[in-house]
1. Which count do you get for residues in the stretch 153-182 that are charged (D, E, K, R) and part of a strand (DSSP E or B)?
2. Could we say that Ala216 is surrounded by fewer than 16 Cβ atoms within 10 Å (Cβ to Cβ), assigned to a helix (DSSP H, G or I) and at pLDDT below 85 here?
3. Taking the stretch 72-100, which residues are surrounded by 22 or more Cβ atoms within 10 Å (Cβ to Cβ), free of Cβ contacts under 8 Å to residues at least 60 places away in the same chain and in a loop (DSSP other than H, G, I, E, B)?
4. Tell me, yes or no, whether the stretch 79-94 has at least one residue that is of a type in the set (Lys, Arg), modelled with pLDDT of 60 or more and farther than 26 Å from Glu140 by Cβ.
5. Filter the stretch 77-124 down to the residues that are closer than 23 Å to Leu174 by Cβ, in contact with a Cys (Cβ under 9 Å, 6 or more places away or on another chain) and not hydrophobic (A, V, I, L, M, F, W, C) and list them by number.
6. Would you mind telling me which numbered condition in (1) touching an Asp or Glu at 6+ places or on another chain (Cβ under 7 Å); (2) of a type in the set (Lys, Arg); (3) surrounded by 16 or more Cβ atoms within 10 Å (Cβ to Cβ) Arg67 fails?
Amino acid sequence: MTVIFVVMTILFFLTLDVVVRRVRAKKAVPAALGRTAPSAYPVRIPEGIFFARSHTWMSLFPSGKIRLGVDDFVGRLLDKPQVEYLKGAGDSVKKGDPLFALCEGGRTLTVRAPMDGRIVAVNDELQRRPELLKENLFSEGWAFTLQPEKPSELRQMLFGEETRKWIPGEFRRLRDVFASVSAGGELVPALLQDGGPPVAGALKQMGPDVWENFEAEFLQVR
């Protein structure tokens, strides 16, 4: 009974924290389901979704479980990736453990666990239809359902207006990475839109060194 009481207490305060953050976000910015960042940075950032700085999104269920996947920042940089799961239902994971890989053109990005927990469900449909990453990311495009070991870790994630303020900086860092890419000693400006982010699917045109640098810079859990 003591364990159940402790768990329920944690979930209560976590839920309370989510409610407070939602109210603050609504005061700052009118709420709209599916709202995205400013048009210069065309990624989907729905209300009510948590984001890790390692570019995974998380949706919290009343049961305390979370559903997670890779965010739109990563997805839009790929063209038609294949999804390869590195963990299965019943597996325990630690923060930073590899969860799944996105493979395209012989190159791979590894998406890692944003927190400790146990995998309770795997979305097999995403492997069969990876286009869900672009079509229905936050509904059918999830990868795993996780039972967090420490639900309070969600408080460390980005939420609402915090995410919208963070994502432009990620695009600026990405532009710096792409602007330094050379092909035969010349820059590749076609990978960059005027005044905006790199073009969709831009990673497909990059070599293995850039993929490695991108993963180290954006997908590592710190």
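1. Number satisfying all stated conditions: 0.
2. Values: surrounded by fewer than 16 Cβ atoms within 10 Å (Cβ to Cβ): yes; assigned to a helix (DSSP H, G or I): yes; at pLDDT below 85: no.
Taking the combined requirement at face value, the residue does not satisfy it.
3. Pro81
4. Scanning the stretch 79-94 turns up at least one residue that is of a type in the set (Lys, Arg), modelled with pLDDT of 60 or more and farther than 26 Å from Glu140 by Cβ.
5. Answer for the stretch 77-124, where residues must be closer than 23 Å to Leu174 by Cβ, in contact with a Cys (Cβ under 9 Å, 6 or more places away or on another chain) and not hydrophobic (A, V, I, L, M, F, W, C): Pro81, Gln82.
6. Going through (1) touching an Asp or Glu at 6+ places or on another chain (Cβ under 7 Å); (2) of a type in the set (Lys, Arg); (3) surrounded by 16 or more Cβ atoms within 10 Å (Cβ to Cβ) one by one, Arg67 breaks only (1).
The values are calculated or read from the model by the stated rules, or taken from the named source; none is laboratory data. Every value quoted in this text rests on a predicted model; they were computed, and no experiment measured them. In this analysis, Cβ positions are derived from the backbone assuming ideal geometry, glycine residues included, and neighbour counts consider all displayed protein chains.
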